[in-house]
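A.B. asks: One structure is given below, represented as structure tokens, and several questions about it will come after.
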Amino acid sequence: MEYRRMCPGLASKYVPKIISTALNQTIQHVSAASSSCSNIRKRRRGLGQLERQALADCIDLFDSTVSELAGAVHDLSIVHPEQRYRDLQTLLSGAMTNQYMCLDGFAFSKEKDVIRELFEGSVVNISHLVSNSLVMLRQGKVPVVDRPTRQEAPPSHHFSTPVNLTVAKDGTGDFNTVEEAITASPNNSSTRFVIYVNAGAYFENIEIVRKKTNLILLGDGIGQTLVKAARNVVDSSATFRSATFGESSGFPN
């Protein structure tokens, strides 16, 4: 206590380490919850398609959570973590959202109470653990550093980065669908990879796997390049899988 009174900045100096320790422990809880879902999916008999898909979604969401929490631990380890404050907020908020989205996948399941009961406590606990870290972050322990306001990006036709692949419905591009172009893009790219999508309506549900890094999609503007889809809960697609554009781990369901 005396050290804290004499050096008020000393406590805040070690808060990033405290948060990192808490997040590393949380990652262990997430991994355990993921294993639990995998075991339920493999060993429980009589699971319906909706329940199997919801469990697969939870496993994918847990994988995203581990990635986000690990990213936060990395940002907290840099010399001036306050420079990553907003990124840290985003990572932790996303990790919390994943837990609720996992449980939401069972909303229309006839067995939701039976299945959720097997791991819901773990999911709620993970959410609380991440929330505690977020509270520590927000309460001035890792101070906010306002970044300069970014200028709006120029229209796509003035974009200076060279286009690597083009998509066109009429067959004049490298691919006819956005999904094909994304699949053809390199994995773990350290430089920008630009896909230009010509005007048109593309009816696709696009899941971009996490290894597709530095990927940029450009279109011809609002009302010109459209990507549409129609997955919904009524048709047995959970909220996580109904997005027109979404991220996935790339693991098979």
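The values are calculated or read from the model by the stated rules, or taken from the named source; none is laboratory data. All of these numbers come straight from a predicted model, not from anything done at the bench. Using ideal geometry, Cβ is built from the backbone for each residue, glycine included, and neighbour counts are taken over all protein chains shown.
A.B. asks: I need the full set of residues from the range 174-199 which are among the β-branched types (Val, Ile, Thr), within 24 Å of GLY223 (Cβ to Cβ) and not in a strand (DSSP E or B), in order please.
C.D. replies: Selection gives THR177, VAL178, ILE182.
A.B. asks: Of all residues in the range 79-104, which are touching a helix residue (DSSP H, G or I) at 6+ places or on another chain (Cβ under 7 Å) and at pLDDT below 85?
C.D. replies: Matches in the range 79-104: PRO81, ARG84.
A.B. asks: Could you run through the range 102-124 and say how many residues are buried (at least 18 other Cβ atoms within 10 Å of the Cβ) and in a loop (DSSP other than H, G, I, E, B)?
C.D. replies: Selection size over the range 102-124: 4.
A.B. asks: While we're on this one: State yes or no: is PHE175 within 13 Å of ILE195 (Cα to Cα), among the aromatic types (Phe, Trp, Tyr) and at pLDDT 75 or above?
C.D. replies: Details: within 13 Å of ILE195 (Cα to Cα): yes; among the aromatic types (Phe, Trp, Tyr): yes; at pLDDT 75 or above: yes.
Considered against the rule, which asks whether it is within 13 Å of ILE195 (Cα to Cα), among the aromatic types (Phe, Trp, Tyr) and at pLDDT 75 or above, PHE175 comes out as yes.
A.B. asks: Oh, and also: Provide a single number: the residues in the range 200-219 that are at negative phi and either in contact (Cβ under 8 Å) with a residue 60 or more places away in the chain or in a strand (DSSP E or B) (or both).
C.D. replies: 13
Listed here are the residues, each with its yes/no results for (1) assigned by TED's automatic domain parsing to the domain that holds ILE115; (2) buried (at least 19 other Cβ atoms within 10 Å of the Cβ); (3) touching a Pro at 6+ places or on another chain (Cβ under 8 Å); (4) among the basic types (Lys, Arg).
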| position | (1), (2), (3), (4) |
| --- | --- |
| ARG41 | yes, yes, no, yes |
| LEU47 | yes, no, no, no |
| ARG52 | yes, no, no, yes |
| ASP60 | yes, yes, no, no |
| THR65 | yes, yes, no, no |
| ILE78 | yes, no, no, no |
| GLU82 | yes, no, yes, no |
| LEU88 | yes, yes, yes, no |
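A.B. asks: Kindly indicate which of ALA70, ALA56, ALA107, ALA32 is outside the structural domain of SER242 (by TED's automatic domain parsing) and at pLDDT below 85.
C.D. replies: Criteria check complete, one pass: ALA107.
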